[in-house]
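Derivation of every value follows stated rules applied to the coordinates shown; laboratory data play no part. Because the structure is predicted, anything quoted here is derived from the model rather than measured. Don't worry about glycine lacking a Cβ; one is built from the backbone with ideal geometry, like all the others, and counts go over all protein chains shown.
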Amino acid sequence: MATLGIRGTFFDFVDDPWKHPGRERDAARFHADGLMVIEDGRIADFGAFDEVSRRHRALELTHLEDRLILPGFIDGHVHFPQARVVGAFGEQLLSWLQVWVFPEELKYKDRAYASEAAMRFFDNLLAGGTTTCQAFTSSSPVSAEALFDEARRRNMRLISGLTGVDRHAPADYANTPEEFYRESKRLIGRYHKQGRGLYAITPRYALGSSPELMQACRRLKQEHPDCWVNTHISETRDEVSAVRKENPDCADYLAVYEKYGLVGPRFSGGHGIWLSDDEFARFASRGAAVVFCPCSNLFLGSGLFRIGRATDPRQRVRLAWGSDIGAGNRFSMLGALDEGYKIGMLNNASLADAAEAERNKISPYRGFWSITLGGAEALYIDDLVGNFQAGKEADFVALDWKAGQKSLAWRQSLVTAGRPQTMEQAADLLFGVMMVGDDRAVAETWVMGQRLYRKTE
Ligand code: GUN
Ligand code: ZN
């Protein structure tokens with residue numbers, strides 16, 4: 001059995017910080033000098049160095065000095081075939097899809113084009129500290145195969161599936177419901193629960209789906225209830241009104257997915273900016289998740305997600321966070337935290353409810369929980385990843401809290417001259433990383449106990 005030890009300063013979570021207002025540190029764990037023991041890619045032991053090292057003699061040790069070690073980040077919503085159209089100028093959602101996205105995703109019928117993008121896609125995720133993602137593909141099965149195969153090569157955890165769309169898309173891009181059903185079924189057999197792959201039945205969004213395509217999704221979910229369902233919901237006002245118009249028998253956007261039996265655990269809808277209170281309540285009661293994509297929401301000008309409302313303890317919605325590349329303009333989940341914080345503050349510019357305003361504030365505890373354990377819980381993979389509990393997969397990121405623009409090192413030196421000694425110091429450094437830093441802070445990214453990325457200056 002391959003056993004190794006990682007020594008360093010660790011920060012992870014055991015609970016949701018929103019449940020501990022004023023005492024968020026109770027949701028976190030901090031070891032100024034800690035030790036993680038890894039056996040065959042899984043965490044075998046974890047805790048304070050003095051204590052854990054006593055239990056493990058003759059351990060091969062890697063000491064990650066001057067780093068903050070966190071669980072690998074989870075990107076709950078990202079589009080693999082949009083990696084080449086990040087930063088596309090000038091459109092909002094519905095025209096952006098037509099002008100930039102469909103012509104690009106059409107190219108993913110070509111295996112060489114898709115395979116090269118899959119390599120770059122994971123290179124970029126790892127450089128941002130992301131070790132797990134839930135990703136969209138294109139309408140071509142070639143894209144799903146390229147993505148799952150590359151994830152398998154790197155032993156990375158991936159939730160993905162063939163993307164179904166048969167309306168409001170060019171004819172040569174759309175798939176037929178029959179083809180979508182048949183190919184999804186084949187891909188489930190080939191990739192679901194193979195290695196670290198998990199399959200998501202993926203209707204792109206309600207506006208892109210005919211009743212027949214939605215029926216194909218229902219059938220797939222009935223036949224494979226342990227699969228995930230990944231889609232979009234209520235991203236822009238134009239989209240919501242078009243969905244309402246095309247589905248007059250559904251009271252709101254979520255009702256379209258409910259009608260086809262898709263909403264429950266392991267269902268997630270990206271964005272949810274324009275969800276009503278009632279839809280939030282149904283998300284909460286069904287155990288379904290919304291994926292908040294701050295960079296994308298600002299880049300496309302889609303609106304401000306109501307974080308404080310979604311985290312209301314009376315109807316707490318499971319939330320993952322996503323980059324939503326290429327509508328999002330940053331691969332790094334640190335970028336998502338930066339923009340997410342600002343969305344919370346913009347919400348508070350016109351909010352009378354003080355309790356909701358408090359919940360809109362993305363502290364470092366709330367932020368880093370959201371892109372680690374919180375994302376894992378929202379996606380129902382917290383038995384596998386999300387924190388350093390023994391038995392979980394050893395995916396982690398080592399942050400250099402001083403690396404980035406010049407002003408970051410200066411800011412951080414005001415918090416501590418050396419290694420952080422207290423959880424509060426570490427949390428303050430992490431806030432510096434999320435608000436003043438960027439992916440230059442990601443020094444190393446490890447997957448299943450193997451270093452897959454190391455920053456070169
Ligand atoms: N809605 C349907 N497709 C997409 C997409 O590719 N990106 C985003 N942001 N929203 C969508
Ligand atoms: Zn998206």
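Kirkwood Rh over Cα pairs of the chain into Stokes-Einstein at 10 °C, 1.306 mPa s: D in µm²/s? Before the final figure, lay out each step's value.
Numbers: Rh = 22.1 Å.
D = 72 µm²/s.
Extending each Cα 7 Å along its Cβ direction at ALA354 and ARG244, get the distance between those two points in nm, one decimal.
3.4 nm
Tell me the label-point distance for the pair LYS342, THR456, using the 7 Å Cα-to-Cβ offset, in nm and rounded to one decimal.
Reported label-point gap for LYS342 and THR456 is 3.2 nm.
Return, for the Cα atoms of region 27-97, the radius of gyration and Dmax in Å, separated by a comma.
That works out to 20.6, 61 Å for Rg and Dmax.
By how many degrees, between 0 and 90 and to the nearest 10, does the Cα long axis of helix 277-286 differ from the longest principal axis of the chain?
It is inclined by approximately 70 degrees.
Applying the Karplus parametrisation 6.51 cos²θ - 1.76 cosθ + 1.60 with θ = phi - 60° to the phi angles of region 24-38, what ³J(HN,Hα) value in whole Hz is obtained for each residue in order, glycine and proline being reported as x?
Result, ordered by residue: 4, 4, 5, 8, 10, 10, 9, 10, 4, 10, x, 9, 10, 9, 10 Hz.
Restricting to bridges with both residues inside the chain, how much of the DSSP beta-bridge set is antiparallel, in percent to the nearest 5? Mind showing how you got there, number by number?
Working: 29 of 63 bridges.
That works out to approximately 45 percent antiparallel.
Once you put a point 7 Å from the Cα of TYR113 and another 7 Å from the Cα of ARG286, both along the Cβ direction, what distance in nm separates them?
My value for the distance between the label points is 3.5 nm.
Scan around PHE46 for amide H atoms under 5 Å from its own, H built in the peptide plane at 1.01 Å from N, and keep only partners 5 or more places away or cross-chain.
VAL37
What's the ranking of 40-53, 437-450 by average number of surrounding C-beta atoms within 10 Å, highest first?
Numbers: 40-53: 16.8, 437-450: 22.1.
By packing density, highest mean first, the sequence is 437-450, 40-53.
Report, in degrees rounded to the nearest 10, the 0 to 90 angle that the Cα long axis of helix 237-246 makes with the longest principal axis of the chain.
So the helix axis and the longest Cα principal axis differ by about 40 degrees.
Whole number please: convex hull volume per residue of the Cα set in region 395-457, in Å³? Before the final figure, lay out each step's value.
Numbers: hull volume 5.6 nm³, N = 63.
Looking at region 395-457, the number lands at 89 Å³ per residue.
Return the tail of the calculated pair distribution for region 44-139, meaning the percent of Cα-Cα pairs more than 21 Å apart. Don't skip to the end; give the middle numbers.
Details: 2433 of 4560 pairs.
Value for region 44-139 (Cα pairs over 21 Å): 53 percent.
As an exercise, use a Förster radius of 30 Å and the Cβ-Cβ distance of ARG190 and VAL14 to find the FRET efficiency, rounded to the nearest 0.05.
Numbers: r = 36 Å, r/R0 = 1.20.
That pair, ARG190 with VAL14, gives E of 0.25.
On a 0 to 90 degree scale, rounded to 10, what angle separates helix 177-191 from the longest Cα axis of the chain?
30 degrees
Hey, with R₀ at 45 Å, roughly what FRET efficiency would ARG25 and ASP172 work out to, going by the Cβ-Cβ distance, to 0.05?
Computed FRET efficiency for ARG25 and ASP172 comes out at 0.25.
Under unit Cβ charges (Lys, Arg +1; Asp, Glu -1), what dipole magnitude, rounded to 20 debye, does the chain have relative to its Cα centre? Kindly include the intermediate steps, with their values, before the conclusion.
Values: 56 positive and 61 negative charges, 88 e Å.
Charge dipole, the chain, about its Cα centre: 420 debye, nearest 20.
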